[in-house]
Amino acid sequence: MHDATAGVDVQDDRIECDIWGWAGGFTSWLIDHIVIPGSPRERGPWEELAKLLARDWPRTSGGAMRVAKVCVDTGGRDTASVYGHLRHLRDPRIAPTKGVDGWNRAQPVQGPTLVDALVNGQKLRRGLKLWTVSVSTWKADLYRRLWLGRGEAEDFPMGWVHLPRGIEIEWVKQLVAEQLRTAKDTFVRFTRPE
């Protein structure tokens with residue numbers, strides 16, 4: 001593994017963080033899945049996230065690695081509060097993100113654009129740099145890598161998504177919960193089954 005990244009999902013009563021290790025060809029390993037309980041409107045869960053992101057993560061080959069980049073999904077119900085807390089953390093590794101529908105294979109991540117950030121109802125100068133992510137493009141790539149065929153014994157192809165033994169079934173279900181909808185032989189978008 002070369003580097004580690006973190007993906008953060010903000011829910012009404014918790015923050016969930018996945019730590020991923022990466023190697024060539026987008027080969028990935030889920031290193032850990034951490035749930036930080038508490039309302040993301042409060043400062044406590046964000047302080048716990050900061051402590052988590054300051055940790056070292058062991059390499060299987062020895063030594064340790066740090067999280068190089070953090071994407072935080074800001075598209076929840078209380079976006080302004082999330083913006084404010086992220087601005088307060090002042091961690092240059094954090095990239096606030098917002099998923100957008102549609103396909104953009106040329107530029108699946110765009111930005112940053114400045115958005116207003118509020119803390120305790122007051123607007124902060126210089127705002128927050130927000131990145132938009134073409135969700136369908138990334139999900140199609142993830143699903144492609146999840147379907148890669150495995151060779152003999154420990155022969156994993158480049159791009160393989162390694163999941164640890166003991167990962168919660170609910171986590172895996174959430175990873176693959178959406179399916180691609182098409183209309184007249186054209187990809188539309190990923191949606192949850194009805």
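Below, the figures for the structure above:
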item	result
Top-ranked residue of the stretch 155-194 - restricted to ones that are modelled with pLDDT under 70 and either part of a loop (DSSP other than H, G, I, E, B) or within 20 Å of ILE31 (Cβ to Cβ) (or both), ranked as nearest to the chain's Cα centre (by Cα)	ARG192
Among the residues listed as GLY84, GLY63, the single one being over 13 Å from the mean Cα position of the chain (by Cα), on the phi > 0 side of the Ramachandran plot and not β-branched (Val, Ile, Thr)	GLY63
Inter-residue pairs, beta-carbon under 8 Å, first over 15 Å from VAL8 (Cβ atoms) and in contact (Cβ under 8 Å) with a residue 24 or more places away in the chain and in the stretch 62-90, second surrounded by fewer than 19 Cβ atoms within 10 Å (Cβ to Cβ) and of a type in the set (Phe, Trp, Tyr), 6+ apart	MET65/TRP57; ARG66/TRP57
Members of the stretch 1-24 found to be under 13 Å from HIS162 (Cβ atoms) and more than 13 Å from the chain's Cα centre (by Cα), listed by number	MET1, TRP22, ALA23
Tally of residues being assigned to a loop (DSSP other than H, G, I, E, B), among the acidic types (Asp, Glu) and closer than 17 Å to THR5 by Cβ across the stretch 41-78	1
From ALA50, ALA95, ALA80, ALA68, residue being loosely packed, with under 13 Cβ neighbours inside 10 Å and aliphatic (A, V, I, L, M)	ALA68
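The values are calculated or read from the model by the stated rules, or taken from the named source; none is laboratory data. Since the structure is predicted, the reported quantities are computational estimates derived from the model, not experimental observations. We place every Cβ from the backbone using ideal geometry, glycine too, and count neighbours over all the protein chains shown.
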